[in-house]
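So that we are looking at the same thing, I have put the structure below in structure tokens.
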Amino acid sequence: MLKKHLGDRAFWKTALTLGLPIALQNLLTSSFILVDTLMVGQLGDVPLSAVGMAGQFGWFLNMIVFGISSGAAVFIAQYWGAEDTKGIRRTYGIALIFVISICALFCAVACLFPEAVIKVFNREPEVVAVGSEYLKVACWSYIATGISLVLSVVLRSTEQVKIPMYVSLFTTVLNAFLDYGLIFGAFGLPEMGVKGAALATVISSWSGPVVTYTISAFNRNFLISPPKEMFNFANGFVMRFFRKAMPVILNETFWGLGTLLFSVIFANLGYQNYAAVTIFRTFENFAFVFFIGLCSACSIMVGKDIGAGNTEEAVQTSIRFSVAMVLASIVVGLGIVFSRHFLAGIFNLSGTITEETLKTTGILMLIYGIELPVRNMPYIQIVGIFRPGGDTAVGVRLDLFSLWLLSVPATALAAFVLKLPFPVVFAIMYIAEDYVKTILCLKYFSTYRWLRPVTDQGKEGLERFWENRLARQQARA
């Protein structure tokens, strides 16, 4: 029974080969953010809070880009299983064009109206001044970050997971060097404060796609594809792509917008509370790298099996990863609970962060660590199973209900009407969204309606799957 639900050594060898480089890449990306937060934190609560607010605008853009890339990954993973190279290249071309266009729009808004963006979160003059100073420079990293995410998804979905990891290592080291130099005036560089942190982000972000394309030119992978194949959108392929991808884009956009509203709520409860949220989210990103690796490996393996017509194997793989996600969440959650005070204290090496902010950060980590297993189940189900299975629409429905109809109103009510303590408001945000969504996800998983292949081999495999299930049901009867 244990082997059935967790898998054997061969299964996890494949999973770890895919998942570990992805987890390491995201660990490096989180280190990129951690370095920014740590160094800006040495400047005090106000710069830390302001930069955190400015970063939320870019984070919202990343959610939209992630939605586009996830929609592309549905096609690429299944095309990879069916060995359809032309389909992979066309999907890559569409995703690249769409992502660059969206990122350019966000960059223009942030560059032209930085004060207006920061005032969405907080209207304290000092916070707005520092945040807009950072945003005017940092926005020039948006297009580079978007391109990097598309390139990473193409490589991951075709099981070339090491190149993004190596590139992330390079950009993280470069960012750390530039951050220290440009914030504090080290290594002969000018002392620029928060503007230096933004400039470091821009330079290191653009190094990502440059290094990725350079490596790919020698590797000759799908990133170096003939333009006539990348941008050949004949036979209604663009409409097919957007019919499947648009629900994912809307899903991530609505989820990102909801999370952005939480940031607005938190920012209006005091900049010290938001400074605590900024510190917490940095460590949340670190904790999440373990789960991104699991979810990404699940997505690749499920999508590939479904595209190749191996539906039974895809279902068994999804069960194994779901069980593994719960176990991993319990272990990581306990680690956060018992080390929360030490982790929060890392940000106060220079003594510039207030005791109140550090105390609040510890409470937020406690809430997160306890709630983590429940929070991660919808993540693995929606992103790691339903989407690569071909069902890109269910996530939108679940988020519209659990996030927008339950969590956002409950959090706003707790904050502004009931005026509950900030940690209670934070806990309500999680509880109102995650428990109902988890129940709905598990119920939907058991119906197998999420099995919706886009390849001919996959459709044939799905027919065999339902025939075998019917035969087993008749035999039991």
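Quick one: count up the residues across region 439-461 that are crowded, with 20+ Cβ neighbours inside 10 Å and part of a helix (DSSP H, G or I).
4
Looking at PHE233, PHE254, which one is of a type in the set (Phe, Trp, Tyr) and in a helix (DSSP H, G or I)?
It is PHE254.
As an exercise: evaluate PHE262 against (1) at negative phi; (2) open to solvent by 20 Å² or more (accessible area, probe 1.4 Å) and give the number of the one condition it does not meet.
The number of the failed condition is (2).
Within region 425-436, does at least one residue satisfy the condition of being open to solvent by less than 50 Å² (accessible area, probe 1.4 Å), among the aromatic types (Phe, Trp, Tyr) and closer than 20 Å to THR317 by Cβ?
no
Taking only region 350-400 into account, find how many residues are of a type in the set (D, E, K, R) and under 30 Å from TRP450 (Cα atoms).
So the count comes out to 6.
Do we have any residue at all in region 292-306 that's surrounded by fewer than 23 Cβ atoms within 10 Å (Cβ to Cβ), closer than 16 Å to LEU16 by Cα and of a type outside the set (Ser, Thr, Tyr)?
yes
Here is a further query. Please work out which one of (1) in contact (Cβ under 8 Å) with a residue 12 or more places away in the chain; (2) touching an Asp or Glu at 6+ places or on another chain (Cβ under 9 Å); (3) surrounded by fewer than 24 Cβ atoms within 10 Å (Cβ to Cβ) is the condition GLY395 fails and give its number.
It fails just one condition, (3).
Oh, and also: Going through region 318-333 one residue at a time, which ones are hydroxyl-bearing (Ser, Thr, Tyr) and open to solvent by 10 Å² or more (accessible area, probe 1.4 Å)?
Correct list: SER322 only.
Also, I was wondering about something else. Tell me, which helices (runs of 4 or more DSSP H) lie completely within region 51-145 with 2 or more residues that are open to solvent by 60 Å² or more (accessible area, probe 1.4 Å) and touching a Pro at 6+ places or on another chain (Cβ under 9 Å)?
In region 51-145, the matching helices (runs of 4 or more DSSP H) lie at 125-138.
Could we say that LEU327 is of a type outside the set (Val, Ile, Thr), in a helix (DSSP H, G or I) and over 30 Å from ALA50 (Cα atoms) here?
So LEU327 fits the description; yes.
So, one more: Inside region 319-339, can you point out the residues that are of a type in the set (S, T, N, Q) and either within 21 Å of LEU451 (Cα to Cα) or touching a Pro at 6+ places or on another chain (Cβ under 8 Å) (or both)?
Matches in region 319-339: SER322, SER329.
I'd like to verify a number: residues in region 361-391 that are within 30 Å of LYS304 (Cβ to Cβ) and either touching a His at 6+ places or on another chain (Cβ under 7 Å) or assigned to a helix (DSSP H, G or I) (or both), how many?
Count: 15.
The values are calculated or read from the model by the stated rules, or taken from the named source; none is laboratory data. All values derive from a computational prediction rather than experimental measurement. Cβ coordinates were reconstructed from backbone atoms using ideal geometry, including for glycine residues, and neighbour counts include every protein chain displayed. Ligands, DNA and RNA are stripped out before the accessible areas are found, and what is left, the full protein with its side chains, is counted by its heavy atoms. Shrake-Rupley method; radii C 1.70, N 1.55, O 1.52, S 1.80 Å.
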